[in-house]
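K.L.:
What follows is a single structure, and I will ask about it in a moment.
Rule-based calculations on the coordinates, nothing more; no lab input. Since this is a predicted model, take the numbers as computed values, not measurements. Counting neighbours? That spans all protein chains shown, and the Cβs are built from the backbone with ideal geometry, glycine included.
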2 protein chains.
Amino acid sequence: MKTLQSFKARTGEPFGAPLLAHTPEQVDSIVEAASTAFASWQASSGTARSSLLRALAEAIESDRDELVSIADNETALGPVRLNGELDRTAFQLRRFADMAERGVAFESVDDPAVAGAPPVGHPAMVLQRVPLGPVAMFSASNFPFAFSVLGGDTASALAAGCSVVIKAHTAHLVLSNRMLGLIQKVLEVKHLPKGLIGMVQGGGSDVGVRLVAHPLIAAGAFTGSTRGGAALQAVANARPRPIPFYGELGSINPVVALPGILQAKGAELATLLAGSINQGCGQFCTSPGVIVLLNDPASDAFVAQLTVALKALQPHAMLTPGIRQAFDNGVAHIAESGVKILLQENGSPEAPRPFLAQTDAINFIVNSELSEEVFGPAALIVRVDSVAETLQVLAAIGGSLTVTLWGAEQESDDARALVRGAMNIAGRVLFAGVPTGVAVCAAQQHGGPWPSSTQPMTTSVGDTAINRFLRPVCVQDAPSWLLARSGQPC
Amino acid sequence: MKTLQSFKARTGEPFGAPLLAHTPEQVDSIVEAASTAFASWQASSGTARSSLLRALAEAIESDRDELVSIADNETALGPVRLNGELDRTAFQLRRFADMAERGVAFESVDDPAVAGAPPVGHPAMVLQRVPLGPVAMFSASNFPFAFSVLGGDTASALAAGCSVVIKAHTAHLVLSNRMLGLIQKVLEVKHLPKGLIGMVQGGGSDVGVRLVAHPLIAAGAFTGSTRGGAALQAVANARPRPIPFYGELGSINPVVALPGILQAKGAELATLLAGSINQGCGQFCTSPGVIVLLNDPASDAFVAQLTVALKALQPHAMLTPGIRQAFDNGVAHIAESGVKILLQENGSPEAPRPFLAQTDAINFIVNSELSEEVFGPAALIVRVDSVAETLQVLAAIGGSLTVTLWGAEQESDDARALVRGAMNIAGRVLFAGVPTGVAVCAAQQHGGPWPSSTQPMTTSVGDTAINRFLRPVCVQDAPSWLLARSGQPC
C-alpha cells in the first residue's frame, strides 16, 4: 500500500497523519458504487437534488473554522481568501440547488407533430435532457474549496442528476478527507447511497488514469495544468468508448491597454494590475500573464509604474514545493528567451518574488513558449507598433480564458478589430477591471479555445456549467405517460 | 497530379471526365481563402446570411433535373429519393436562413451588474456567441445532397457566420463539382468572396487530413464511417491547438419489440421494419441493425413474418464497389459469429440481397463485433429472456443514434426501465414507426454516445445543429457601443 503525506505549505513540515493511497481495486469499487447510485439518482426529483445541495452547503458552513484552518495550513492562501472561497462554494451549491428546483435539468423543447410529407411534416418530437452518468471530478490545487471536493463541478454534476467520484488533490488531502466526512454524514441523513459522492486519492497519475479509463465513468471534469489535463484527455479519448472530458487548463490572460486610457489613469491601472498579478501569489487560472502595450510615451510611463507597484508587493508562500520550483523554472525560461528583465529578485524557498519582463511583438510571436502560462506572479509586457501587431500577438496566443481590453470605450475601426481579435481567442472579454475574480452568474463563460479548455463550447463556472453533464435526447411519438412526466426522469 | 474518376453506381462504368485531385498546396490556399472570407463573414448580418442561404436553395432547385440525373448515375439512389432529398436540402437551407434572420446566432444572455461583494455581487456581464472560424465539412457517401456540399453542416455553419471548406465525396464528384459551380455563381451575384464556400477533392485520406490539420481550420464536421471519422478525429485532437470535430459515425439502431404489440399487429410491423432495413439499400445511418425480441410465441411469429417480408424485397445497387464489398465482408463476419442464419442469398456484383440472422443475448454481449454497424440491408435478431436481459443488450451496444421501443404504451416498471436504458445509449428514442427518416425540426437530436457521434452533446440535424459552430463568449463591463449592437458582430 502506498502512503500519502500532507504538508504545511508555509514551512514544508508534515501535516496530519499519513494517509493510504487507493489501490486500483478500491478505485474500481468506488466507481461501481457511483454507478449503482447513479441508477437511482438520475431518476431523482429537482427537490431531492436541491435538498442535498443545500444540506452540503450548510455542512461546510457549520464546519467553517476547522475547514479554513486546515486549508490555510495546506495551501497558505490565508483565512480571508479561504473564508471568501468557502462562501463562494456554499453560494455555488445553493445556486445549483435553485436551478435543480426550477427544473433546469428537465427543460425540454416541445415540437408537436406537423401533418404532411417530409421535409415539412414530422412526428411529435420532444427534446429532453438526460444526465450522463458517473462523473470523475479532479480537484484543483489552487482552489481547495471552490474547484475541489464540493466545488462547482461536483455541484453542477449532482444538480444534473449525475453521481460523482472525486479525485482529491494531493496538495490538500487532510481538507479533502474532512470534506468527505461531512459529505458522508449528509448522505446518511438524507438516506442517499454513500456511492453518490465518492472520493479517491493517490499520488502520481495512477489513480486518476484508472478513474478516467473506467468503463462506468461517463465524463471527466478537471481543473489544473495543461500537461496533466492533456494527459487525462488523451486517456478519455483512447477509451474503447471515448467520453467528454471537460478540462480547464492553462491560460495566459492577455491585457491590452491602449495609450489613451494609460495617459488618463495609468498610475491607478498599474496598481490594479500589479495587485491582480500578485493575487493569491499569481496562482489563478485568470492571472494576467501578458500585457500588450503600444509603443507610446504613456505606455513607457505605465511600464515604470507597474514595475514599481509590483516591486512593492510581497507574494505569499506557494501551494507546494513543486509549484514553487516550476515557477522558478518558468521564469528562467522566459529570461533566456530574448526578453528584457524589468524585475527579478530572489524569493524564499516557499514564496517567490514577482517577475516582470518586456519584449517586442516579433520575439513574442516567434518564441511560442512565451505564450505558455507561468503559474505564479509573473508577467511579460509585449510592446507593439500598431493595432494590427496587437492582433497578431493575440492570434499567436490563440486560446485564453480571458482577454482584457482597456481603452475601447469609444467605437472605432480599431476598437472593433480589437474586440473581434479578443473574442476569437477568449471565453471572456473584459473592458474594465482585472481578469482575476470569476463571478458565479448566469452569463459567466469560464472556458476558451485550447489550451485554456479542452471543450471551449462549455464553461466550468456559472449557470450553464450544468449543461456539461446533460445530454440531449429526443423522444419521438412518446406515449402519454412519458410526456406527462414533463421531462422528469423515469 | 493525381486524377480522380467518377463511376456509374449501377454498372461500374466511368462517369464524366477524369478530375484532378487537389495538391496539398491547393488545399492550403483554399483554406487561406476561407480564412480571409471568414474575417468579413463573421461580421455579416442575419439578413445577409439569410439572403445567401435562400439563393443557394433556389440555385439547386432551378438546376434540379440535371442535379438529380447526375446524382442518380453516381449513387443509384433513384429519382424519387433524390428529388425528395433535394427538397429536404433546400428546406434545410431555408430553415437556417429563417434562423439567421431571427438572429439565433446572435442570441445573448443579459446579466446586469449586482452591487455588493462577491459571491453575490458581480459586474455587468453579457453572454454572446461568436462563430468559430473556417469549418472543414466532409461530405457523406449516402446523402449526395442533404449531408454533402450544401447539406445541413454547410447550411448551419454559414448561418452561424463561419466560412466552409467542403471535402467532396469521391462517390459523387461530378455532382459535387456541379454544385460548386452553382455556389460560385451565387457568391458572385451576392458580391461575396469565392473563398466563403470552397471545395477540395482527393482520393485516400491525404486531402482530408491536410484539411483537418490546417492551423486556420477551426472545426470539422463529418458524416461517414466510424473508421474514417475516428482517424480524422485523432488528427483534430493531435493538432498543436485541437479543434472540435463533429463526427456522425456508425450506428446500429436497435429496435426493441415487446410481445404484446407483436401479438396485436406483428404482421404490419414486420412489413414496416423490413422496408426500413431495405430502404436506400440499408445505406442509412439510422438503418435498424439489431432487433431485440423476448422469447415468446409472438416473437417467433414475428421473426417468421420479418424473414418473409425481407425475402420479398429487392435492394438496389449500392453506392460504390467498396461499400458493396464491405457489406459482404460484414455479413460473412456475422455469419461466423455463432449466429443462426435466417436469410442469406447471393446478390449481384452491384446489389446485395437482404441478410437476417438470429442469436441470443449472451452470444451478442460476448461478441462485441456483433454491435458493429454493417452498412447495408442486414439485421440481427437478438432473443432475450427478460427485460433485464434486454437492458444488458442495450448497455452492450452502448452508443447509437436511435433506439426504437415498440410496445411501451402503458406505464410500468418494465416500460420505465426500458426508456431509461434506451435514453442512456441513444440520441433519439422512438415509440412508433421506424428510425429511418430523420425530421429536420426544432427537437431533432441526431447524435448519440460513441460510436454514433464523436460529440454526443451535439446534433448534425435540426435547429440546434447551429450551436456546433457558435462559441459562447462573455463580455464584462462592455462599452455602450458594443452593447448597442445587441449581439450583432463587430
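K.L.:
Considering the zone a paramagnetic label at residue A:409 would reach in this model (a point 7 Å from Cα along the Cα-to-Cβ line), which residues of the range B:465-490 have amide N under 16 Å from it?
P.N.:
Label zone hits: B:477-483.
K.L.:
Then there's this: For residue B:255, what residues show an amide H to amide H distance below 5 Å, using hydrogens built from the backbone and excluding near sequence neighbours?
P.N.:
HN-HN under 5 Å from residue B:255: B:290, B:291, B:292, B:404.
K.L.:
When only DSSP loop residues count, what GluC sites (Glu not before Pro) in the range B:309-387 have their Cβ near at most 13 other Cβ atoms within 10 Å?
P.N.:
Numbers: sites: B:336, B:345, B:350, B:369, B:372, B:373; in loops: B:336, B:345, B:350, B:372, B:373.
Here the GluC sites (Glu not before Pro) that fit, given the DSSP loop and packing criteria, are B:336, B:345.
K.L.:
Assume the label is 7 Å from Cα along Cα to beta carbon: what separations in nm does residue B:238 have to the matching positions in the other copies?
P.N.:
Computed spacing set for this position: 1.3 nm.
K.L.:
Could you compute the FRET efficiency for residue A:194 and residue A:98, with r as their C-beta to C-beta distance and R0 at 22 Å, rounded to 0.05?
P.N.:
Using R0 = 22 Å, I get an efficiency of 0.25.
K.L.:
Per residue of the range B:166-171, in order, report the coupling 6.51 cos²θ - 1.76 cosθ + 1.60 (Karplus, θ = phi - 60°) as ³J(HN,Hα) in whole Hz, putting x for Gly and Pro.
P.N.:
Karplus-based 3J(HN,Hα) across the range B:166-171 equals 8, 9, 5, 7, 5, 7 Hz.
K.L.:
Moving on to the next point. Explain nothing, just the number: relative contact order of the range A:1-94, from Cα pairs under 8 Å at least 6 residues apart, as a whole percent.
P.N.:
Values: 78 pairs, mean separation 28.4, N = 94.
Here the relative contact order equals 30 percent.
K.L.:
Another question, if that's okay. Can you find, among A:294, A:90, A:51, the residue farthest towards the positive end of the dipole of chain A? Put +1 on the C-beta of Lys and Arg, -1 on that of Asp and Glu.
P.N.:
A:51
K.L.:
Suppose every Lys and Arg Cβ carries +1 and every Asp and Glu Cβ carries -1, with no other charges. What dipole size does the protein assembly as shown come out with about its Cα centre, to the nearest 20 debye?
P.N.:
Values: 66 positive and 82 negative charges, 20 e Å.
It works out to roughly 100 debye.
K.L.:
For peptide A:237-248, compute the average count of partner chain beta-carbon atoms within 10 Å of each residue's beta-carbon. If you can, show how the numbers build up before the last one.
P.N.:
Numbers: counts 7, 2, 1, 4, 5, 10, 3, 4, 0, 0, 0, 0.
So the per-residue partner count for this stretch is 3.
K.L.:
Among rounded, prolate and oblate, which fits chain A when a ≥ b ≥ c are the square roots of the eigenvalues of its C-alpha gyration tensor, a/c under 1.5 means rounded, and a/b larger than b/c means prolate?
P.N.:
Numbers: a/c = 2.10, a/b = 1.35, b/c = 1.56.
In terms of gyration-tensor shape, oblate.
K.L.:
From the phi angles alone, apply the Karplus equation (6.51, -1.76, 1.60; θ = phi - 60°) to the range B:172-189 and give each ³J(HN,Hα) in whole Hz, x where the residue is Gly or Pro.
P.N.:
Couplings: 8, 6, 5, 4, 4, 6, 5, 4, 4, x, 4, 4, 5, 5, 5, 4, 5, 4 Hz.
K.L.:
Another question, then. Please list, ordered by chain and number, the residues whose modelled amide H lies under 5 Å from the amide H of residue A:378; skip anything fewer than 5 residues away on the same chain.
P.N.:
Amide H neighbours of residue A:378, under 5 Å, 5+ apart: A:355.
K.L.:
Show me, for the range A:263-270, the HN-Hα J-couplings you get by feeding each phi into the Karplus relation (A = 6.51, B = -1.76, C = 1.60, θ = phi - 60°), rounded to Hz, glycine and proline as x.
P.N.:
Result, rounded to whole Hz: 5, 6, 8, x, 5, 4, 5, 5.
K.L.:
In the range B:139-231, with Lys and Arg counted as +1 and Asp and Glu as -1 at Cβ, which of these residues, B:218, B:208, B:195, has the Cα nearest the positive end of the dipole, that is, farthest along it?
P.N.:
Toward the positive end, the furthest listed residue is B:195.
K.L.:
Rank-order A:61-69, B:466-474, A:412-420 by packing density, defined as the average count of other C-beta atoms within 10 Å over each peptide's residues, highest first. Don't skip to the end; give the middle numbers.
P.N.:
Working: A:61-69: 15.0, B:466-474: 25.0, A:412-420: 17.4.
Ranked from most to least packed, the peptides come out as B:466-474, A:412-420, A:61-69.
K.L.:
On to the next question. Report the charge-dipole magnitude of chain A in Debye, nearest 20, computed about the Cα centre from +1 at each Lys and Arg Cβ and -1 at each Asp and Glu Cβ.
P.N.:
Details: 33 positive and 41 negative charges, 203 e Å.
That gives chain A a dipole magnitude of about 980 debye.
K.L.:
Now for a different question. Rounded to whole Å, give me the distance from the Cα center of the range A:53-68 to that of the range B:96-170.
P.N.:
41 Å
K.L.:
Between residue A:103 and the same site in the other copies, what are the distances in nm, shortest first, taking label points 7 Å from Cα along the C-beta direction?
P.N.:
2.8
K.L.:
Related question: If we count other beta carbons within 10 Å of each Cβ, what is the order of B:450, B:406, A:481, B:41, fewest first? All intermediate terms of the calculation are to be shown ahead of the outcome.
P.N.:
Numbers: B:450 20, B:406 23, A:481 16, B:41 26.
Ascending number of Cβ neighbours within 10 Å: A:481, B:450, B:406, B:41.
K.L.:
Starting from the 7 Å offset along Cα-to-Cβ, what nm value, one decimal, do you get for the label separation of residue A:345 and residue A:48?
P.N.:
It is 5.9 nm.
K.L.:
Residue B:8: which aspartates and glutamates have alpha carbons under 12 Å from its alpha carbon, excluding same-chain residues fewer than 8 sequence positions away?
P.N.:
The reachable aspartates and glutamates, counting only those whose Cα sits under 12 Å from residue B:8, are B:72, B:74, B:350.
K.L.:
Could you give the distance between the Cα centres of the range A:278-324 and the range A:430-490, to the whole Å?
P.N.:
Centre-to-centre distance over Cα atoms comes out at 33 Å.
K.L.:
If you don't mind, another one. Along Cα-to-Cβ, 7 Å out, sits the label point; list in nm, shortest first, how far the one on residue A:32 is from those in the other copies.
P.N.:
5.9
K.L.:
Let me ask something additional. Going through the range A:322-398, which chymotrypsin sites (Phe, Trp or Tyr not before Pro) have at most 11 other Cβ atoms within 10 Å and a DSSP loop state? If you can, show how the numbers build up before the last one.
P.N.:
Numbers: sites: A:327, A:355, A:364, A:375; in loops: A:375.
In loop regions of the range A:322-398 (DSSP not H, G, I, E or B), there are no sparsely surrounded chymotrypsin sites (Phe, Trp or Tyr not before Pro).
K.L.:
Rounded to the nearest 500, what is chain B's calculated 222 nm mean residue ellipticity when only DSSP H runs of at least 4 contribute -39500 (n - 2.57) each, over all residues? Spell out each step's value before the answer.
P.N.:
Numbers: 15 runs with 202 residues, N = 490.
Taking each H run of at least 4 residues, the total per residue is -13000 deg cm²/dmol.
K.L.:
Counting only C-alpha contacts under 8 Å and six or more residues apart, can you give the relative contact order of chain B as a whole percent? Kindly include the intermediate steps, with their values, before the conclusion.
P.N.:
On the way: 1073 pairs, mean separation 85.4, N = 490.
After rounding, I find 17 percent.
K.L.:
If one takes the longest principal axis of the Cα atoms in chain B, at what angle in degrees, from 0 to 90 and to the nearest 10, does the Cα axis of helix B:387-397 lie?
P.N.:
50 degrees
K.L.:
Run through the range A:79-163 and list the GluC sites (Glu not before Pro) located in a DSSP loop whose Cβ has at most 12 other Cβ atoms within 10 Å.
P.N.:
Working: sites: A:85, A:101, A:107; in loops: A:107.
The qualifying sites: there are none.
K.L.:
Taking H as built 1.01 Å from N, whose amide H comes closer than 5 Å to the amide H of residue A:360, not counting residues under 5 places away?
P.N.:
Under 5 Å from the amide H of residue A:360 lie the amide H atoms of A:383, each far enough along the sequence or on another chain.
K.L.:
Under the definition of partner shielding as Cβ atoms of other protein chains within 10 Å of a residue Cβ, what is the mean value for peptide B:124-132? Write down the numbers at each step before the final one.
P.N.:
Numbers: counts 3, 9, 1, 11, 4, 3, 5, 2, 4.
For peptide B:124-132, the averaged partner shielding equals 5.
K.L.:
Where does each of A:153, A:300 land when they are ranked from fewest to most other beta-carbon atoms within 10 angstrom?
P.N.:
Values: A:153 33, A:300 15.
Ascending Cβ contact count within 10 Å gives the list A:300, A:153.
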